[in-house]
1. I'd like the full set of residues that are under 22 Å from P450 (Cα atoms) and in a helix (DSSP H, G or I), limited to segment 360-381.
2. Determine if segment 461-474 includes at least one residue that is farther than 15 Å from R587 by Cα, part of a helix (DSSP H, G or I) and of a type in the set (D, E, K, R).
3. Tell me, please, whether a residue that is surrounded by 17 or more Cβ atoms within 10 Å (Cβ to Cβ) and aromatic (F, W, Y) can be found in segment 342-352.
4. Is segment 173-183 home to any residue that is within 30 Å of V249 (Cβ to Cβ) and either part of a loop (DSSP other than H, G, I, E, B) or modelled with pLDDT of 80 or more (or both)?
5. Between G460, G442, which is of a type in the set (G, A, S) and in contact with a strand residue (DSSP E or B) (Cβ under 7 Å, 6 or more places away or on another chain)?
6. Please go through segment 413-447 and pick out each residue that is buried (at least 24 other Cβ atoms within 10 Å of the Cβ) and either modelled with pLDDT under 80 or in a loop (DSSP other than H, G, I, E, B) (or both).
7. Looking at the structure I just gave you, is I410 in contact with a Leu (Cβ under 7 Å, 6 or more places away or on another chain) and either assigned to a helix (DSSP H, G or I) or buried (at least 18 other Cβ atoms within 10 Å of the Cβ) (or both)?
Amino acid sequence: MKISWRILLLWTLPLLMVCFFLWQGQFLPASEQLGNSAANKRITYGRFLEYLDTNRVAGVDLYEGGRTAIVEIVNPELKDQVQQSRVDLPTYSPGLIAKIRSSHIRIESHPISNEGAIWGFLGNLLFPILLIGSLFFLFRRSSNLPGGPGQAMSFGKSKARFQMEAKTGIMFHDVAGIDEAKEELQEVVTFLKEPERFTAVGAKIPKGVLLVGPPGTGKTLLAKAIAGEAGVPFFSISGSEFVEMFVGVGASRVRDLFKKAKESAPCLIFIDEIDAVGRQRGAGIGGGNDEREQTLNQLLTEMDGFEGNTGIIIIAATNRPDVLDSALMRPGRFDRQVMVDAPDFKGRVEILEVHARNKKLADDVSLKSVARRTPGFSGADLANLLNEAAILTARRRKEAITTLEIDDSIDRIVAGMEGTPLVDSKSKRLIAYHEVGHAIVGTLVKDHDPVQKVTLIPRGQARGLTWFTPNEEQGLITKTQLIARIAGALGGRAAEEEVFGYDEVTTGAGSDLQQVSDVARQMVTRFGMSDLGPLSLENSSSEVFLGGGLMNRAEYSEEVAMKIDNQVRTLAKQSHEIAKKLIRDNREVIDRLVELLIEKETIDGEELRKIVAEYTYIPEKEQFIS
């Protein structure tokens, strides 16, 4: 382990101080040394005078200017052996010296030494010096850390990471599934590399490109690819790094960032999560101007102000374009808004091929089949899917990723970790009827999505699951499809009612009923799919910081609200009757599927449709490819 010399010094300083004071004790004056040797044989001044009167004193040594004496006492009980004892003499005793001389006793006086005072002074001086030195090194060390006291004067400096040629290791061929966005940004790279091709026809270089899309779709990855392709100076910073608790710091950092960029033009500036600093101004409840708004004002001025910026292209990313200030979105600041949406089937196949380059896949794995099973997955979701499959493969001690690991990974990502299988009991049978009810209704209703599989293995909070997988992305959904989804969601509750009776229904349909209520209400209030006519009666929910959410008013009267509730109730009731009728008419196949599900715990969609086809007619649907 590597240890800094500063830390080592801080630990050794106290040890050196202790050694110094111990070493200092070896140089005490002679009086203190003798005093220490005779400390256990101290006598009083009266006893000393008594020994002096009986002629038992052989010698006297005076120390400390006559305040202390070491006397030699003759002990007759020990055959006249001489012992040393210490006695403290009074400050004023003029007759003592004369009495000692008249008794012909040896007397010597030792002068006061200044050596102890010198060492004491040096010792007292050394401690403050060591303390100040330790604090100095601590200050120097902390000043090198981010946000340390040594950087107190650099608050206004930009924290952008700068690279003369950003070698991110990512190029455009590493980005898949978002071809339209890639084409838009390739033009930006061409602007930087060959500007004469565009200026020759009077085209101006775009000042800003805003990448808009859900999380995980590849916005930051695109910025890394631009940095790798462009070969120009590249600044990268997060929107949250502009704003500090000190007023004016964010605006100062914006000025400093653009100052550095102008010195390195042509260059790129990438601002990730720009919504942290670019939210709509004037959204505060009490009005006023805060630090974030000052930072945004400075950013607007630098992007397209009086001076202007030549050769600087700003690329920003956000997943909340609805909260950005309108002044930030106008042409001249962000000239282009590039949508980076979730990939379609072809895009998912390309993304899976990119992330499968460094993974061992079994021969039976079809990336097209995986792409069909993952509609709505973003690029990050697909990367995580293959990584989870690789982890499962290593855990199961297999040499290559098989279809089983990929299927288990999809289930884990969508529904959660696999739980302990249920024991055969009344509860397991009831859950089996509930899930088969979903599957039967979803299979027999014409416009419902096909069943992928039915399982009794718990995942997350669900005790059982029925998976529906659409054939392909559905950008537009018809009224018939929405009613079919409501009926499919009510299939589990309908099966409980028809098999066990209304009094035995369970709480297992709680999430299904929530889904039914949401879809039915949107059909009535947003999509105009009811007897109320083609009216949009509710807007999308507004945020509190945009001035909404505190004083929302109803956009319709109480009479219309009552009609909305009646229409929602009617849609749910009609769908419920459809589900109950399908359960009653197909009870025989339901009982067979339940017994098979209890035995196998999982039934594949193809197997389920084959069994259903033996008993009843399945309405024509688009061919489902598993």
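1. Within segment 360-381, L367, K368, S369, V370, A371, R372 qualify.
2. First pass over segment 461-474, keeping only residues farther than 15 Å from R587 by Cα: 461-474.
Adding the requirement that they be part of a helix (DSSP H, G or I) leaves none.
Scanning segment 461-474, I find no residue that is farther than 15 Å from R587 by Cα, part of a helix (DSSP H, G or I) and of a type in the set (D, E, K, R), so the answer is no.
3. Here is the first cut: in segment 342-352, the ones surrounded by 17 or more Cβ atoms within 10 Å (Cβ to Cβ) are 342-343, 347-352.
Restricting the remaining residues to those that are aromatic (F, W, Y) gives none.
Among the residues of segment 342-352, not one is surrounded by 17 or more Cβ atoms within 10 Å (Cβ to Cβ) and aromatic (F, W, Y), which makes the answer no.
4. In the first step, residues of segment 173-183 are kept if they are within 30 Å of V249 (Cβ to Cβ); the result is none.
The answer is no, given that none of the residues of segment 173-183 is within 30 Å of V249 (Cβ to Cβ) and either part of a loop (DSSP other than H, G, I, E, B) or modelled with pLDDT of 80 or more (or both).
5. Values: G460 fails: in contact with a strand residue (DSSP E or B) (Cβ under 7 Å, 6 or more places away or on another chain).
Only one candidate passes the filter, namely G442.
6. V445
7. Numbers: in contact with a Leu (Cβ under 7 Å, 6 or more places away or on another chain): yes; either assigned to a helix (DSSP H, G or I) or buried (at least 18 other Cβ atoms within 10 Å of the Cβ) (or both): yes.
So I410 passes the test.
Conditions (1) acidic (D, E); (2) free of Cβ contacts under 8 Å to residues at least 40 places away in the same chain; (3) in contact with a Lys or Arg (Cβ under 8 Å, 6 or more places away or on another chain); (4) closer than 30 Å to E559 by Cα, marked per residue:
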position: L456; (1), (2), (3), (4): no, no, yes, no
position: T478; (1), (2), (3), (4): no, yes, no, yes
position: L490; (1), (2), (3), (4): no, no, no, yes
position: G501; (1), (2), (3), (4): no, yes, no, no
position: V519; (1), (2), (3), (4): no, yes, yes, yes
position: Q522; (1), (2), (3), (4): no, yes, no, yes
position: M529; (1), (2), (3), (4): no, no, yes, yes
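The values are calculated or read from the model by the stated rules, or taken from the named source; none is laboratory data. Treat the numbers as computed from the prediction; the structure is a model and nothing was measured. With ideal geometry, Cβ positions are generated from the backbone for all residues, glycine too; neighbour counts draw on all protein chains shown.
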